[in-house]
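The values are calculated or read from the model by the stated rules, or taken from the named source; none is laboratory data. Everything numeric in this text was worked out from a predicted model, so none of it was measured. Glycine also receives a Cβ, built like all others from the backbone with ideal geometry; neighbour counts cover every protein chain displayed.
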Amino acid sequence: MHPLEKLDHAHVWHPFTQMRGWLAREPIVIVEGEGAVLCDVHGRKYLDANSSIWTNLHGHNHPKINSAIQRQIKKIAHSSALGLANEPASLLAIKLVEAANSKLTKVFYSDNGSTALEVALKLAYEFTRRTRGGRAGRSSSQANQPIFLSLEGAYHGDTVGAVSLGHIDLFHKAYAGLLFKTDKVMSPYCYRCPFNRARPERADAREYRKCNWECVGLVEQKFSVQKKKGNPHAAFAFEPAIQGAAGMIPQPESWLKKVSEIARGHGALLIADEVMTGFGRANPLSTLNTQHSTSLFACQRENVQPDFLCLAKGLTGGYLPMAATLTTQKVFDAFLGGYHEFKTFFHGHSYTGNQLGAAASLASLEILQGKKSIRARQKLEVALRNELKSLWQLPNVGDIRQVGLIAGIELVKNWRTREPFALREQAGIRVCDAMARHGVLTRPVGNVIVLMPPYCTTQGQVKRTLEVLRMAIAGTFRLK
């Protein structure tokens, strides 16, 4: 075993990892990266098929982002945002506001996706208390405190507030005693929707579904019931276009518009979690009209205007941990007052507005908005869609879901019955392990194989990724 592999086993505790299994095998230790390719300590090369857990937009070792960081580090790496401002964070704020193209004019920086959601939750909570009948004076133990609504299967991060907003028992049940109560409502999971009367076909379930938008009706019902209790929902949190950790669950066209209008009608704020979907990841360039051809955020697909836009992961192009929560002047104004009023937003992070992260983010945005990147993303989306079609021949592929440059392939025991694998069978893990042995790295979400390649991925690399995935599925389930 390589010395670095031994050190990892001796001291590193990995996230979302059953460490007994991890310690039973040699880990892959990455030491280099170039474009869509990673290299380990033994010189073995791998295609990075999930953009290093959904963060790396433009590829590793990108010269433009490298240069931006090098220029900035010659000036200063970090200074506090507590009582001080800095150049790159100020420039980045206006760029994010312009990209949002909405009423979101204020930017609060933090460290990661969880904290971006935590910021939105705290702001929405206190804004609601200050604007609904003077409730700010009530104690937190009293009734009628602001209550939040999110989707079944929601995952919004691992801080206590973000976990409270999530609804994945496997991840969150252990911490139930730490959490505050939030409501949940049915997710539009067309492939496994109890209201979908369509028989399984060899196509994305959204394309052949037969229903009457019962999932939207349940959202209306949930808001109405809470309103009758005399304490309407303060905010509705969602991942626009597609839910990530829930299993890459895409929303049928117009669902987001419909439920957002319902939420607005009941006076709820909208919290858009674009930690995964932001920066062009979920915007299908090949099918959107010209107006939205360069949109960077999934909310813009259906002209939904959130009150909070939560960003992280790809913000710096996958280089540094940094996040941002965008909100409106109206929310900002609720926190203005004299010092003696203590209306300050009492929340912060040591590395808020970090100069290196902001410099990397500015370079990443410039790349994203360039014609070369737009063309590359369009070609990559088409190549991914074309290559995914070959998976329909496999009986253990139940559903293939693509939203822009995100793809989820759900594995089942038999596509005709949709019978799922039990999690203990580790179907997704086994397939991804087989892929790694053939030089392609990704990570499953349960029984769903996730493909989310960097934007620089070539058509040849996409073809290779799908060849390996087909081989891995066939080998894992011993298909002829």
**Request:** Please give the helices (runs of 4 or more DSSP H) falling wholly within segment 153-248 in which 3 or more residues are over 26 Å from residue 450 (Cβ atoms).
**Result:** 214-228
**Message:** When you scan segment 33-51, do you find a residue that is of a type in the set (D, E, K, R), surrounded by 15 or more Cβ atoms within 10 Å (Cβ to Cβ), closer than 22 Å to residue 320 by Cβ and under 27 Å from the mean Cα position of the chain (by Cα), even just one?
**Reply:** yes
**Prompt:** What about residue 9, is it out of contact with any Ser or Thr (no Cβ under 7 Å at 6 or more places or on another chain) and in a loop (DSSP other than H, G, I, E, B)?
**Reply:** no
**Prompt:** If only one of 237, 246, 203 is within 16 Å of the chain's Cα centre (by Cα), assigned by TED's automatic domain parsing to the domain that holds residue 156, within 30 Å of residue 415 (Cβ to Cβ) and not aromatic (Phe, Trp, Tyr), which one is it?
**Reply:** 246
**Item:** Sole residue being surrounded by fewer than 24 Cβ atoms within 10 Å (Cβ to Cβ) and not small (Gly, Ala, Ser), chosen from 341, 274
**Value:** 341
**Asked** Given (1) crowded, with 18+ Cβ neighbours inside 10 Å; (2) touching a helix residue (DSSP H, G or I) at 6+ places or on another chain (Cβ under 9 Å), where does residue 439 come up short, assuming only one miss?
**Response** (1)
**Asked** When segment 286-311 is examined, which residues are found to be at pLDDT 95 or above, more than 15 Å from the chain's Cα centre (by Cα) and of a type in the set (A, V, I, L, M)?
**Response** 304
**Asked** Restricting the search to segment 314-344, which residues are at pLDDT 95 or above, within 20 Å of residue 123 (Cβ to Cβ) and of a type in the set (Phe, Trp, Tyr)?
**Response** 332, 335
**Message:** Take the residues in segment 471-480 that are part of a loop (DSSP other than H, G, I, E, B) and in contact (Cβ under 8 Å) with a residue 12 or more places away in the chain; name whichever of them is farthest from the chain's Cα centre (by Cα).
**Reply:** 479
**Item:** Qualifying position, being touching a residue at least 12 places away in the same chain (Cβ under 8 Å), part of a helix (DSSP H, G or I) and among the basic types (Lys, Arg), among 377, 401
**Value:** 377
**Request:** Can you tell me which residue among 119, 97 is farther than 16 Å from residue 364 by Cα, in the same structural domain as residue 343 (by TED's automatic domain parsing) and surrounded by 13 or more Cβ atoms within 10 Å (Cβ to Cβ)?
**Result:** 119
**Asked** On the given criteria, is residue 468 touching a strand residue (DSSP E or B) at 6+ places or on another chain (Cβ under 6 Å), surrounded by 18 or more Cβ atoms within 10 Å (Cβ to Cβ) and either of a type in the set (A, V, I, L, M, F, W, C) or assigned to a strand (DSSP E or B) (or both)?
**Response** yes
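Okay, residues lined up against (1) crowded, with 23+ Cβ neighbours inside 10 Å; (2) in contact with a Lys or Arg (Cβ under 8 Å, 6 or more places away or on another chain); (3) farther than 21 Å from residue 313 by Cα:
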| site | (1), (2), (3) |
| --- | --- |
| 421 | no, yes, yes |
| 427 | yes, no, yes |
| 430 | no, no, yes |
| 452 | yes, yes, no |
| 457 | yes, no, no |
**Request:** Return yes when residue 249 is surrounded by fewer than 24 Cβ atoms within 10 Å (Cβ to Cβ) and of a type in the set (A, V, I, L, M, F, W, C) and no when it is not.
**Result:** no
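Results for (1) buried (at least 22 other Cβ atoms within 10 Å of the Cβ); (2) over 17 Å from residue 245 (Cβ atoms); (3) out of contact with any Lys or Arg (no Cβ under 9 Å at 6 or more places or on another chain); (4) in the same structural domain as residue 386 (by TED's automatic domain parsing), shown as yes or no for each residue.
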site: 145; (1), (2), (3), (4): no, yes, no, no
site: 149; (1), (2), (3), (4): yes, yes, no, no
site: 178; (1), (2), (3), (4): no, yes, yes, no
site: 209; (1), (2), (3), (4): no, yes, no, no
**Message:** Residues to consider are 388, 411; find the one that is part of a helix (DSSP H, G or I), under 22 Å from the mean Cα position of the chain (by Cα) and in contact (Cβ under 8 Å) with a residue 24 or more places away in the chain.
**Reply:** 388
**Asked** Only one of 370, 314, 338 is under 14 Å from residue 99 (Cβ atoms) and over 22 Å from the mean Cα position of the chain (by Cα); which?
**Response** 370
**Request:** Could you please tell me which pairs satisfy a Cβ distance under 8 Å, a separation of 6+ or placement on different chains, a first residue in segment 151-170 that is closer than 22 Å to residue 423 by Cβ and outside the structural domain of residue 15 (by TED's automatic domain parsing), and a second residue that is among the aromatic types (Phe, Trp, Tyr) and crowded, with 24+ Cβ neighbours inside 10 Å?
**Result:** 151/238; 154/238; 166/155; 168/155
**Request:** Would you mind finding the one in 87, 126 that is in the same structural domain as residue 219 (by TED's automatic domain parsing), out of contact with any strand residue (DSSP E or B) (no Cβ under 7 Å at 6 or more places or on another chain), in contact (Cβ under 8 Å) with a residue 60 or more places away in the chain and crowded, with 16+ Cβ neighbours inside 10 Å?
**Result:** 126
**Prompt:** Would it be correct to say that residue 197 is surrounded by fewer than 22 Cβ atoms within 10 Å (Cβ to Cβ), within 30 Å of residue 93 (Cβ to Cβ) and in contact with a Lys or Arg (Cβ under 7 Å, 6 or more places away or on another chain)?
**Reply:** no
**Item:** Search result, residues across segment 102-134 that are among the aromatic types (Phe, Trp, Tyr) and farther than 11 Å from residue 327 by Cβ
**Value:** 109, 125
